[in-house]
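Below is one structure, written out as structure tokens; the observations come after it.
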Amino acid sequence: MTRKPWQGRFSGKTSNILERFSQSISFDRELFPQDIRGSIAHARMLGERGIIPKEDAAVIMDGLEKILADLEKGSQPWREDLEDVHMNIEALLGERVGEAAGRLHTGRSRNDQVALDFKLYVRETSGHVARDLLKLLEVLLKRAEEHFGILMPGYTHTQRAQPVLLSHHLMAYFEMFRRDHAEFAFLPANMEECPLGSGALAGAGFPIDRMMTARELGFSTVTRNSMDAVSDRDFAARFLFNAALCQIHLSRMAEEIVIWATSEFGFVTLPDAFSTGSSMMPQKKNPDPAELVRGKTGRTIGNLMSLLATLKGLPLTYNRDLQEDKEPLFDSAKTLLGSIEIMAGLMDSIGFNTRRLTEAAEDPLMLATDLADYLTLKGLPFRNAHEVTGKLVALCVERGCGLAALSLEEMRKHSGLIGEDIFGLLTPEASVAKRDIPGGTAPGQVRSAMEKAREWLETARRG
Ligand code: ARG
């Protein structure tokens, strides 16, 4: 049991049970770089404004820099009895610089301090996610470019639907992650507002310069209401939502890899570096990384729910419940960054079985829409064209053949509009070429989509 600096009004000591229950140092130590940078900015401002002696501010800043270096080296142990990262760092500062350390907390509360640290952390982590998403986007685009021209079946309801380009399929994931990238790279306005200076809840009682600390810490402005600022965790909830959604996109891609790697599909070959063996069955090569990415999606959704539930029903302003905001966020950040990295590695080295894909694309019944479209272009209302084509498909299914294997006479029995020119259209290449509108799978469209994506990626990389 330790006496804390704010225990002047207590005569008894805190129970060990409560100390163990309420500590957050076991996880909020993750915030030490943000906490120290925030304190350095605060100390500098206090000195500049003459709120504390300039010499003390200099001593504090110097001490904090040294503590930061030690913590980064990992040579500095944490004290579990000091509750949280803020108290630990303040105590370390006291050991290092003595009495001056006691001036650092002037005009500041742990409430605006933790709001600041956490917001800085979310800002930085969003930047890391955005940067890593660019690596994944590069991999997807590169693989799409490499395999330009390869056909495969496109699916709806996991049933073969229409032939598409493999590049078009891969670029679908590019679009998902491009949207995610925008969420992480372009922060909402609220993330530009620095909460430091909000004090415990009512605002600091000293003539501090909030814009000065805000600018030093990379914010463009300051929060407008101290009561909101110390209890606002919207930025964390939004991060958790974006993380869950991005993880869901990764999970969808992972699921596809799992299916494609089955003998039944055989569309891809798993790279040795990104698959695992079975302890019992020697023939097995398992898509464990993809399955783990899929499996970890559950916790990212759970983390979002956890924070939303914590925030629900909190009266203004700071409540200790808010300490529960950190673990879910740290967990989602780590999970997401790890999953992006592993999926980038997997997609970079996975083998596409182009023969298998091309053969599957030749499944002739996938051309039924092309026949219906043909009849429609000849003047038949689309619904009737659908009906006629359906009859011909039934005939093919009965005989086990494709549409192009039917004779012209047989086809004309169902519609006199069908002519010799139909046969040129009943190939997967012709089918794909027909989808020649922006966003479609015609090779020219896909090529131009990839070119634009390449340009976008180069610009995004330059940031
Ligand atoms: N460990 C606390 C948290 O994470 C820091 C703020 C504590 N403030 C307080 N008034 N007890 O929220």
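The values are calculated or read from the model by the stated rules, or taken from the named source; none is laboratory data. Keep in mind that this is a model prediction, so the values were computed, not measured. All Cβ positions, even for glycine, are placed from backbone atoms using ideal geometry, and neighbour counts span all protein chains on display. What goes into the accessible areas is simple: the full protein's heavy atoms, side chains included, and nothing from ligands, DNA or RNA. Shrake-Rupley method; radii C 1.70, N 1.55, O 1.52, S 1.80 Å.
In the condition set (1) open to solvent by less than 70 Å² (accessible area, probe 1.4 Å); (2) over 22 Å from A360 (Cβ atoms); (3) outside any helix (DSSP H, G or I), C401 is compliant with all but (2).
Considering T297, T310, the condition of being open to solvent by less than 50 Å² (accessible area, probe 1.4 Å), assigned to a helix (DSSP H, G or I) and more than 16 Å from the ligand (Cβ to nearest atom) is satisfied by T297 alone. In summary, no helices (runs of 4 or more DSSP H) completely within the range 118-235 bear 2 or more residues that are on the phi > 0 side of the Ramachandran plot and either open to solvent by less than 30 Å² (accessible area, probe 1.4 Å) or of a type in the set (K, R) (or both).
Please go through (1) outside any loop (DSSP other than H, G, I, E, B); (2) closer than 26 Å to E324 by Cβ; (3) not small (G, A, S) for I67 and return the number of the only condition it doesn't satisfy. (2) is the only condition that I67 fails. Of the numbered criteria (1) more than 16 Å from the ligand (Cβ to nearest atom); (2) touching a helix residue (DSSP H, G or I) at 6+ places or on another chain (Cβ under 6 Å); (3) under 22 Å from K326 (Cβ atoms); (4) in a loop (DSSP other than H, G, I, E, B), the one W78 fails is (1). Being open to solvent by 60 Å² or more (accessible area, probe 1.4 Å) and in a loop (DSSP other than H, G, I, E, B) is the filter; apply it to the range 416-438 and report the residue that is farthest from L166 (Cα to Cα). Looking at residues that are open to solvent by 60 Å² or more (accessible area, probe 1.4 Å) and in a loop (DSSP other than H, G, I, E, B), I get L417.
Would you confirm whether or not the range 281-294 contains a residue that is touching a residue at least 60 places away in the same chain (Cβ under 8 Å), part of a loop (DSSP other than H, G, I, E, B) and at negative phi? No - not one qualifying residue is present in the range 281-294. Within the option set D325, D363, D321, D373, being within 16 Å of the ligand (Cβ to nearest atom) and open to solvent by 40 Å² or more (accessible area, probe 1.4 Å) holds for one residue only, D321. Among the residues making up the range 329-342, a single one is away from the ligand (no atom under 13 Å from the Cβ) and closer than 16 Å to S24 by Cα: D331. Note on the range 81-135: residues that are modelled with pLDDT of 95 or more, of a type in the set (A, V, I, L, M, F, W, C) and within 16 Å of the ligand (Cβ to nearest atom) amount to 11.
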